[in-house]
Amino acid sequence: HEAHKIPSRIRFYESSMSSEMTERLVLENDLHDALDNEELYLEYQPQINLQSGEIKSVEALIRWQHPKKGWISPGVFIPIAEESGLIIPIGQWVLETACRQVKQWEAAGLPPMKVAVNLSLGQLFQQNLVEMIQQVLDKTQLDAQFLQLEITESMTINSNHMTTILLQLKGLGVTIAVDDFGTGYSSLSYLKDFPIDCLKIDRSFVQKIHAESTDKALVDMILSMAKHLQLKVVAEGIEEIDQLSYLVNSKCDAVQGFLFSKPIQPEILQESYKSLHNHVKSILDSISVLE
Ligand code: C2E
Ligand code: MG
Ligand code: MG
Ligand code: MG
């Protein structure tokens, strides 16, 4: 009965918050069974090497087809997986599935491709992460050079722990990329201290390359910094030809985005590899004609 004294506006916020929390609990509960029920799957988005015009790598992106709610974005369920600890079994499943897929493509006659797998902060604090990845590589017989691990800038904050873990991971022979680079507000000094191989320019910068000169300046700065530090650069979220031609001229190493391909199911990538490759070539050719 105390509730009657609370002004209605506050009560409104309270009740909307609790329904959000209920929804979250329902999702968390359902996510527990999602792995066993085979509701999770991976899609792969090609990364195009701008020097050769070839698809040299793909990024694995997790999907959840919920039996009742339909498709749920990883932007929604990954944070739930992180907070509930479910990211540990899910993350292991992603790694194993992605590594096995690369071997399967190879067996089907596709050119060798590297797979990039996103890691969550919780995984970097997982006791047996390095052993787990070594076991996955052994089990799937994937050569470590074909696995890239993506971390985000915000994970670099606890730098002593991170340096230790990243060095151990590098010891396995895998490569490390910093995802969503430029959005993390962290100190740049980690770039020279951490054993990383690649920066992924966040799509928010790529998409404003032509609209706002400050974003263009940022992209230029990232590219020149990466060159000095001998890091590769992948630009993500390329949707337009102008964005691509800017990045080609700026000597960016690789790009990923809807202009070339959305994330697709592995069977589709396998079946349409040749036509995808031709599609990529024709887009790149149209740029060199423009120049
Ligand atoms: P991310 O790793 O930065 O992945 C790139 C996201 O950008 C993907 O969204 C992809 O579909 C989207 N994208 C790619 N090209 C374009 C484009 O040209 N235009 C636009 N508008 N979007 C584009 P998605 O698949 O929804 O994934 C969102 C985020 O969820 C990922 O961001 C990553 O942080 C997380 N995530 C996805 N899969 C996993 C996973 O297996 N493990 C973990 N820990 N996180 C994951
Ligand atoms: Mg990523
Ligand atoms: Mg990203
Ligand atoms: Mg992102």
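Give me the angle, in degrees from 0 to 90, between the Cα long axis of helix 129-140 and the longest principal axis of the Cα atoms of the chain, rounded to the nearest 10.
Roughly 60 degrees between the two axes.
Can you work out the accessible area per residue across the range 9-115, with the rest of the protein chains kept in place, probe 1.4 Å, in square angstrom?
Per residue, the range 9-115 has 54 Å² of solvent-accessible surface.
What accessible area per residue comes out for the range 169-291, rounded to a whole number of Å², with a 1.4 Å probe?
I get 50 Å² per residue for this part.
Please report, as a whole percent, how much of the solvent-accessible surface of the chain comes from carbon and sulfur atoms (probe radius 1.4 Å).
Roughly 52 percent of what the probe reaches on the chain is carbon or sulfur.
With the contact rule set at Cα under 8 Å and sequence spacing of 6 or more, what percent relative contact order holds for the chain?
Relative contact order comes out at 17 percent.
Angle, helix 159-172 long axis vs. longest principal axis of the chain, Cα atoms, 0 to 90°, nearest 10?
Long axis of 159-172 versus the principal axis of the chain: about 50 degrees.
Taking K and R as +1 and D and E as -1, what net charge do the other residues with C-beta under 11 Å from the C-beta of Ser154 add up to?
Combined, the nearby Lys, Arg, Asp and Glu give -3.
Amide H to amide H, which residues 5 or more places from Lys114 or on other chains are under 5 Å from it, using H placed in the peptide plane?
Ser57, Val58
Under a cut-off of 20 Å between alpha-carbon atoms, report the aspartates and glutamates in cross-link reach of Lys68, not counting same-chain residues fewer than 8 places apart.
Glu20, Glu23, Glu28, Asp30, Asp33, Asp36, Glu38, Glu39
Taking loop as defined by DSSP and a crowding limit of 15 other beta carbons within 10 Å, which chymotrypsin sites (Phe, Trp or Tyr not before Pro) in the range 170-202 fit?
Tyr185
Relative contact order (percent) for the range 96-250, with alpha-carbon contacts under 8 angstrom and 6 or more residues of separation?
17 percent
Could you tell me which of the pairs Lys170/Lys192; Lys56/Lys281; Lys103/Lys200; Lys200/Lys262; Lys56/Lys274 are separated by over 22 angstrom between their Cα atoms in the structure shown?
Violating the 22 Å limit, Cα to Cα: Lys103/Lys200.
Tabulate in residue order the Karplus-calculated ³J(HN,Hα) for the range 260-265, using 6.51 cos²θ - 1.76 cosθ + 1.60 with θ = phi - 60°, rounded to whole Hz; enter x for Gly and Pro.
8, 6, 6, x, 10, 6
Could you point to the residue in Tyr246, His32, Gln148 farthest towards the positive end of the chain's charge dipole, with +1 and -1 charges on the Cβ of Lys/Arg and Asp/Glu respectively?
With unit charges placed on the Cβ atoms, the residue in question is Tyr246.
If you line up the long axis of helix 87-107 against the longest principal axis of the chain, both from Cα atoms, how many degrees apart are they, to the nearest 10?
Roughly 30 degrees between the two axes.
Summing -39500 (n - 2.57) over the DSSP H runs of n ≥ 4 in the chain and dividing by its residue number, what mean residue ellipticity at 222 nm do you reach, to the nearest 500 deg cm²/dmol?
My calculation for the chain gives -15500 deg cm²/dmol from helical runs alone.
Given a cut-off of under 8 Å on Cα pairs at least six residues apart, what relative contact order in percent is computed for the range 77-134?
Normalised by residue count, the contact order of the range 77-134 is 42 percent.
The values are calculated or read from the model by the stated rules, or taken from the named source; none is laboratory data. Because the structure is a prediction, the values reported are computed rather than measured. Cβ coordinates were reconstructed from backbone atoms using ideal geometry, including for glycine residues, and neighbour counts include every protein chain displayed. Protein only, heavy atoms only, side chains kept; ligands, DNA and RNA dropped before computing areas. Shrake-Rupley method; radii C 1.70, N 1.55, O 1.52, S 1.80 Å.
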